[in-house]
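Below is one structure; the comments refer to it alone.
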Amino acid sequence: MKDRKVHCTCNGEILETALQLPPTGPIGLEGDRGQMEYRHIQILER
């Protein structure tokens, strides 16, 4: 995230190039096909 714009990738594929974020709030994960499992989630501070 830089200047409240976040760049999201999943398995090396770009999901969002410049998603605008609010100044505060939670981080959430969403799945659209039943139960989802996540592993190796990284939140990097740059």
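Treating the Cα atoms of the chain as identical point scatterers in vacuum, please give the log10 of the normalised Debye intensity I(q)/I(0) at q = 0.17, 0.31 Å⁻¹, two decimals. Taking Cα atoms of the chain as identical point scatterers yields -0.62, -1.39.
Working note: Karplus 6.51/-1.76/1.60 with θ = phi - 60° gives the stretch 28-34 the couplings x, 10, 9, x, 10, 9, x Hz, where Gly and Pro are set to x.
Can you give the relative contact order of the chain as a percent, counting alpha carbon pairs under 8 Å and 6+ residues apart? It comes to 30 percent, rounded to a whole number.
No lab work stands behind these numbers, since they all come straight from the coordinates. Model, not experiment: these values are computed from the prediction.
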